[in-house]
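To start, the structure under review is shown below, and the notes come after it.
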Amino acid sequence: MATCLLLALLLFFSFCEAKDIVVGGKIDAWKVPSSESDSLNHWAERSRFRIGDSLVWKCDAQRDSVLQVTKEAYASCNTSNPVAEYKDGNTKVELDRSGPFYFISGVKGNCEKGEKLVVVVLSSRHRLISPAPSPAEFESPAVAPTSGASSLKGGLLVVLAVLAWGLF
């Protein structure tokens with residue numbers, strides 16, 4: 001019984017712990033991508049973001065900046081009226097709500113060349129049972145899912161139910 005309780009607590013805290021996440025997974029990732037497959041959105045699609053996590057950009061403040069923008073400004077690469085502007089080269093943005101966050105480069109022309117990022121933050125009720133939506137879902141028409149996420153959901157729910165049953 002004590003082992004089940006300890007395991008349940010470890011699972012709970014591993015899902016709830018907020019993290020600082022370096023954009024692109026490396027220090028020099030905030031730049032014009034060399035190819036479409038090198039896009040930061042591909043990295044974001046493979047990552048999970050939760051409320052309370054923070055994105056961290058490390059870049060040369062003399063050469064680039066980060067703008068948080070609206071969906072419309074993201075789509076048109078409009079740098080004129082950002083939600084927030086970060087110019088210090090060591091930017092940290094807390095993801096304080098669920099849904100999409102849009103970022104583009106503050107350097108004229110870089111966004112059009114692909115230096116932009118959409119991060120989708122999961123709501124707390126979907127953390128354990130739903131696959132993360134892709135940034136593409138917020139940019140293009142909906143498509144049918146192709147993964148076996150429903151079987152993953154079912155298996156995870158069974159494990160959580162067994163753990164909960166062991167606690168009582």
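Where a number appears in this text, it was derived from the coordinates with a stated rule and is not lab data. All values reported here derive from a predicted model rather than from experimental measurement. Positions of Cβ are backbone-derived with ideal geometry, glycine not excepted, and every protein chain shown enters the neighbour counts.
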- Task: Order these peptides, 64-71, 91-98, by their mean beta-carbon neighbour count within 10 angstrom, highest first.
- Result: 64-71, 91-98
- Item | P(r) weight above 17 Å for segment 19-141, C-alpha pairs, percent | 54 percent
